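Coordinate-derived values only; no laboratory data. What you see is a predicted model, and the numbers here were worked out from it, not measured in a lab. Here the Cβ positions follow ideal geometry from the backbone for every residue, glycine too, while neighbour counts run over all protein chains shown.
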Amino acid sequence: MPMYDAGDLSPPFLGLTDCRVDVGDRRLLDIPELDLSSGGVTAIMGPNGAGKSVLLRVFHGLVAPGTGTVKSDGAPQSPERLRRQSLVLQTPVLLRRTAEANVRFALRTRRLPIERTAELLARVHLADKARTPARRLSGGEQQRLAIAQALAIEPSVLLLDEPTASLDPAATLMIEDILRDTAASGVRIVLVSHDASQARRLASEVIFLSKGRVVEQAEAKTFFDTPKSAAAQDYLAGRLTT
Ligand SMILES: Nc1ncnc2c1ncn2[C@@H]1O[C@H](COP(=O)(O)OP(=O)(O)OP(=O)(O)O)[C@@H](O)[C@H]1O
Ligand SMILES: [Mg+2]
């Protein structure tokens with residue numbers, strides 16, 4: 001049985017035990033044990049190809065590990081638990097319809113009241129774009145629309161894969177504000193990001209992946225001030241690693 005701090009009686013909201021993901025003879029993930037229990041935002045960082053996106057897909061049930069167990073709230077991940085979890089991909093998948101139709105669609109798929117559409121659009125600052133076709137929204141607006149869809153299901157866990165990767169600074173800060181508000185409302189956020197400044201601004205904890213392994217897991221301030229592994233030191237210094 002895992003042990004928890006006396007002050008933290010809730011089990012980790014996500015976790016892995018003995019998790020390996022192989023494709024052919026390549027091992028994409030090799031994680032003996034990982035527990036995510038910190039509140040707020042957990043940042044997943046690491047070089048290109050480290051396995052960050054694969055890890056999010058494993059957490060979200062889109063990739064089944066070859067061995068091991070995915071855990072949610074201390075129990076094996078289940079369809080019921082996945083219903084309270086949303087994943088926002090780097091390139092949003094939107095319907096070729098208006099912004100509000102996209103949010104209504106997300107609500108309908110869960111049989112939730114579509115009256116919440118306006119409130120959800122307002123939450124991501126898209127109230128004035130409700131009737132705009134999604135394909136005519138800017139990259140930042142499309143990303144915010146995808147976040148509104150993700151929030152429509154009232155998730156307890158929100159996973160995001162580089163949501164601000166191709167956005168300008170203003171659009172990036174707008175999304176960070178939305179994520180901060182969302183975390184403050186009690187939603188656990190797992191954010192894959194290459195942006196160390198962003199992770200410093202948002203994250204309470206950092207998980208650093210390299211070559212499919214968790215090399216470091218630390219409180220964000222500790223990670224950025226005193227990264228322990230050579231891989232993280234190189235990454236943060238902008239040095240290329242093999
Ligand atoms: N379906 C797949 N089949 C084979 N290899 C895959 C598959 N998905 C991912 N990979 C490989 O697994 C490794 C990890 O991929 P992943 O997309 O998780 O990296 P990442 O850390 O998200 O990188 P980036 O920062 O570039 O997004 C890469 O080498 C990738 O080529
Ligand atoms: Mg990726």
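The residue 154 and residue 225 beta-carbon pair, evaluated with R₀ = 45 Å, returns a calculated FRET efficiency of approximately 0.80. Backbone geometry of segment 58-71 corresponds, through the Karplus equation with coefficients 6.51, -1.76 and 1.60 at θ = phi - 60°, to 3J(HN,Hα) couplings of 5, 4, 8, x, 8, 10, 8, x, x, 9, x, 10, 9, 10 Hz, x marking Gly and Pro.
Around the amide H of residue 39, modelled in the peptide plane, lies no amide H under 5 Å away from a residue 5 or more places distant or on another chain.
For the chain, modelled as a GNM whose springs connect Cα atoms under 10 angstrom apart, the maximal fluctuation among 170, 127, 203 occurs at 170.
Taken along the Cα-to-beta-carbon direction at a fixed 7 Å, the label points for residue 93 and residue 136 span 2.6 nm.
Grouping the Cα pair distances of the chain into 5 Å bins from zero gives a pair-distance distribution of 1, 6, 14, 17, 19, 17, 13, 8, 4, 1, 0 percent in increasing distance order. Of all lysines in the structure, those lying under 24 Å Cα to Cα from residue 211, and not within fewer than 8 positions of it along the same chain, are 52, 71, 221, 228.
A Cβ-based charge dipole, computed about the Cα centre of the chain with Lys and Arg at +1 and Asp and Glu at -1, lands at about 1000 debye.
Taking a point 7 angstrom from the Cα of residue 122 along the C-beta vector, which residues in segment 139-159 have backbone N less than 20 Å away? Only 144-155 fall inside the zone, counting backbone N under 20 Å. Taking the number of Cβ atoms within 10 Å of each Cβ as an exposure proxy, the fewest-first ranking of 160, 112 is 112, 160.
How far, in degrees from 0 to 90, does helix 139-152 lean away from the longest principal axis of the Cα atoms of the chain, to the nearest 10? Rounded to the nearest ten degrees, it is 90. For the chain, the longest principal axis of the C-alpha atoms and the axis of helix 99-109 are separated by about 70°. A crude spin-label estimate for the pair residue 84 and residue 112, with each label 7 Å from Cα along the Cβ direction, gives 1.4 nm.
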